[in-house]
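Just so you know, all these numbers are worked out from the coordinates, no wet-lab data involved. Source: prediction; values computed, not measured. All Cβ positions, even for glycine, are placed from backbone atoms using ideal geometry, and neighbour counts span all protein chains on display.
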Amino acid sequence: MAEGNGNNGAADQVSGPPSLNALGQYLKDLSFENPNAPRSLGPRDSAPNIAIQVNVNAKQLAPTDFEVSITLDAKADGNGEILFKLDVDYAGIFRLTNIPQDQIHPIIMIECPRLLFPFVRQIVADATRDGGFPPLFIDPIDFVGLYQQKAATANQNFASAN
C-alpha cells in the first residue's frame, strides 16, 4: 500500500532546509586599457569623471545549479581624454536546493551577485591601482533595486509589445 500525502502522489518539491551553496567562482574576463599612458598618469587639476555600468546575468546549468555573473564596465575620463577603461566579467556557480520555485529567480539575481560583489570590487581596485591610478573602490550595489529596475523595464517592454 502506497502512502499518500494528500496531493495525489505528486512529490513535494521542497523538502528539508533551503540552502544556497557557492560551488566555485572565477574571473571570466578582465580588460584594462590605459590608452593615453603615460600622459594620463600625471597630476590632474580636477577629479576625473567615472562612469560605471553593472549587469547581472544567469544561466541554468542543471536543475539546481546556476552560473551567475556580474559584468562591470568602468570608464574614467578627464580633460577630454580617456584615462582608463575597465571591463570585468566575474562569475560563480551556485546550487539552490529546497527553495520554493517563486523564490529562485530573486535569489539568483539578488543574493548570488551580493555574494560575488566583494570579489569584483577587489578586482576593480587592484586593476586600477596596477594600471597606475588610485584604486577605484566601488560603493556597494543595491542588487534589490537593480532587480526591481530590470523587472519594471521587462514589464514595460511586455506591455508595450501587446
Want the number for Gln53 to Ser15: 0.36 nm per residue separation, take away the alpha-carbon distance, what's left? 9.8 nm
Calc'd 3J(HN,Hα), region 87-98, phi into Karplus 6.51 cos²θ - 1.76 cosθ + 1.60 (θ = phi - 60°), Hz, glycine/Pro = x, comes to 10, 10, 10, 10, 9, x, 9, 10, 10, 10, 10, 6
Most positive-pole-ward Cα, Ala91, Thr153, Leu136, against dipole of the chain from beta carbon charges: Leu136
Helix axis angle, 112-130 relative to the chain longest principal axis, alpha carbon, degrees: 20 degrees
The chain - charge dipole about Cα centre, Lys and Arg +1 at Cβ, Asp and Glu -1, debye rounded to 20: 200 debye
By counting other Cβ atoms within 10 Å of each Cβ, how are Asp102, Asp29, Asp89, Asp126 ranked from fewest to most? Asp102, Asp29, Asp126, Asp89
Checked against the positive end of the charge dipole of region 38-77 (+1 on Cβ of Lys and Arg, -1 on Cβ of Asp and Glu, about the Cα centre), the farthest of Ser46, Phe66, Ala76 is Ser46
Where does the chain land on Rg/Rh, using Cα atoms and the Kirkwood Rh? 1.14
Per residue of the chain, what 222 nm ellipticity follows from adding -39500 (n - 2.57) for every DSSP H run with n ≥ 4, rounded to the nearest 500? -9000 deg cm²/dmol
About its Cα centre, how strong a charge dipole does region 58-118 have in debye, to the nearest 20, once Lys and Arg get +1 and Asp and Glu get -1 at the Cβ? 140 debye
